[in-house]
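Some notes on the structure that comes next.
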């Protein structure tokens, strides 16, 4: 266990966690909503510091990040626990694990230095904090991020965007890129499906963009749940007007068999994905992508000025035709880093 850097001591031994926008009030011997932060004698501890539950060298496109170091590898890690309870979660075996003691006992303590060493050894150019919500293991992530920077590795988060103002202020100086899962622009969706609120996610997206962190957004198109055209139009308009129209928007296909609590829904139809793609384009977004639908040309990067193919993708196979992030024909900046 590691003592938390993000909490307040209140009366009667209660602690207030200050890592995410839930700001959980945690009584002694109890854990927060994420299940991995516990009040022990009036002090808050992380139960997962140094205990990654998943480690892999992944293509950066798997995060998905299409405009950040295309074709590179990201050393990816996650732990148990999450501050959301998404019924559609695909990594629920990690995020929704209960009774962590026996599972943590099976893991090997891996200090931050070892993570960076393994990333370099695997030929990765970045470390991705992913699989579950990295906010809930922020102390571990931040220690790794500092050492990664010293070793010329980039830091990438895949997040639900629900971090607190206090945590975000610590994360941003060490963060190079983030993919935020903006699940819907419907408050009821966040409350019912995720057990959270929408506004903190929108506020954090605007802060991340203003601080010049590279931002990409993913929306899972769930039948009868997050596929409403009017909502998707509002979401695309938010990206275009509140962030900018160069922010990549990834539209991904829902697979019920892999979900936590939505196994009775059908998979997302191709038409629903293509309709969402068209909505993004109508909102003047320059880079809209369809994911989890192999073989579609809508996962390629095209120059928004002249239409030239700049990056061709087939799954995780990448062909780059850009000129250091610029269009090979008209020389427009394509907002590609690395």
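Please work out whether the chain counts as rounded, prolate or oblate from its C-alpha gyration tensor, where a ≥ b ≥ c are the square roots of the eigenvalues and a/c under 1.5 means rounded, while otherwise a/b larger than b/c means prolate and anything else oblate?
Prolate shape, in that a/c is at least 1.5 and a/b is the bigger ratio.
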Legend entry - Peptides 276-286, 237-247 ordered by average Cβ neighbours within 10 Å, highest first: 276-286, 237-247
Inset, instruction - Send over the Kirkwood Rh of segment 76-173, from the inverse of the averaged 1/r over different Cα pairs, rounded to one decimal Å. - result: 14.3
Legend entry - Share, in percent, of DSSP beta bridges within the chain that are antiparallel, nearest 5: 50
Inset, instruction - Based on the mean of other Cβ atoms within 10 Å per residue, sort peptides 131-137, 315-321, 249-255, 155-161 so the most packed one is first. - result: 131-137, 155-161, 249-255, 315-321
Legend entry - Mean projection area, nm², convex hull over Cα of segment 128-279: 9.3
Legend entry - Fraction of the pair-distance distribution of segment 247-338 above 18 Å, Cα-Cα pairs, percent: 51
Legend entry - Difference of contour (0.36 nm per residue) and Cα-Cα distance, residue 209 to residue 308: 33.0 nm
Legend entry - Gyration tensor verdict on segment 146-233 (Cα atoms; rounded if a/c is under 1.5, prolate if a/b is larger than b/c, oblate otherwise): prolate
Legend entry - Distance from segment 291-308 to segment 117-147 (C-alpha centre basis), Å: 29
Inset, instruction - Compute the acute angle (0 to 90°) between the alpha-carbon long axis of helix 138-150 and the principal axis of greatest extent of the alpha-carbon atoms of the chain; round to the nearest 10°. - result: 60
Inset, instruction - Specify the angular offset, from 0 to 90 degrees and rounded to the nearest 10, of the alpha carbon long axis of helix 199-210 from the longest principal axis of the alpha carbons in the chain. - result: 60
Inset, instruction - Taking every pair of alpha-carbon atoms in segment 2-46, give the share separated by more than 16 Å as a whole percent. - result: 16
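Coordinate-derived values only; no laboratory data. Because the structure is a prediction, the values reported are computed rather than measured. So basically every Cβ, Gly included, is an ideal-geometry build from the backbone, and we count neighbours across all protein chains shown.
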